[in-house]
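The values are calculated or read from the model by the stated rules, or taken from the named source; none is laboratory data. All values derive from a computational prediction rather than experimental measurement. A quick note on method: Cβ atoms are made from the backbone with ideal geometry, for glycine too, and the neighbour counts reach across all protein chains shown. All accessible areas refer to the heavy atoms of the entire protein, side chains included, with ligands and DNA or RNA removed. Shrake-Rupley method; radii C 1.70, N 1.55, O 1.52, S 1.80 Å.
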Amino acid sequence: MEHQVTIYYRPEIVLLSIGIAFIASYVSITLYDQYRLCSKENKPKLFSPNVLLFLMACSLGGIAIWCMHFIGMAAITLKNYKSEIIKIDYRVDLTVTSLIVAIVACLIGL
C-alpha cells in the first residue's frame, strides 16, 4: 500500500509572501543608497555606515528572505492518503536561529 501526501497552496498567502519580499528588497536598496551617500560625505549623519549595513542585513535577510519562507510555509496544507490534514509544528529555538543565520549571512555578503 502506497502512502501519499498531497500538498495544497493558498495562493493569497503565497502572494503576500512575495509582496513582503519585494517591499523588504526595496527597503534594502534604499538603505544601500543611504549607505553609499553616508560613506562619501563628511556631513553629520543620522546613522553610521555600520548601522546602515546592519539594517540592510536585517531588511534583506530577516524580512525579505526569512519572512518570505515562513509566510510561504503558512500557505501549505498537507493531507495524507486519507485526506486528513497533517499538522506542521515549528520549534521556536530553531526558528529564531534560522532568522539569526539569515541576517548574519546577509551581513557577511554585504
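If residue 108 meets every condition in (1) part of a helix (DSSP H, G or I); (2) surrounded by 12 or more Cβ atoms within 10 Å (Cβ to Cβ); (3) in contact with a helix residue (DSSP H, G or I) (Cβ under 9 Å, 6 or more places away or on another chain); (4) free of Cβ contacts under 8 Å to residues at least 40 places away in the same chain apart from one, which number is that one? Against the list (1) part of a helix (DSSP H, G or I); (2) surrounded by 12 or more Cβ atoms within 10 Å (Cβ to Cβ); (3) in contact with a helix residue (DSSP H, G or I) (Cβ under 9 Å, 6 or more places away or on another chain); (4) free of Cβ contacts under 8 Å to residues at least 40 places away in the same chain, residue 108 comes up short only on (2). Restricted to the range 60-82, and to residues there that are in contact (Cβ under 8 Å) with a residue 60 or more places away in the chain and over 16 Å from the mean Cα position of the chain (by Cα), the residue that is farthest from residue 32 (Cα to Cα) is 81. For the range 66-88, the condition holds for no residue, the condition being that it is of a type in the set (Asp, Glu), modelled with pLDDT of 85 or more and assigned to a helix (DSSP H, G or I). Checked against (1) exposed (fewer than 15 other Cβ atoms within 10 Å of the Cβ); (2) farther than 20 Å from residue 105 by Cβ, residue 34 meets all criteria but (1).
Considering only residues that are modelled with pLDDT of 75 or more and either in contact with a helix residue (DSSP H, G or I) (Cβ under 7 Å, 6 or more places away or on another chain) or open to solvent by 90 Å² or more (accessible area, probe 1.4 Å) (or both), which ones fall in the range 39-56? It would help to see each step written out before you state the result.
As a first pass, look at the range 39-56 and keep what is modelled with pLDDT of 75 or more: 48-56.
Residues satisfying the conditions are 49, 50, 52, 53, 54, 55, 56.
Sub-6 Å Cβ pairs linking a first residue in the range 1-20 that is closer than 21 Å to residue 86 by Cβ to a second residue that is of a type in the set (Gly, Ala, Ser), at least 6 apart or interchain, are 9/75; 10/75; 13/74; 13/75; 14/75; 17/72, ordered by first then second residue.
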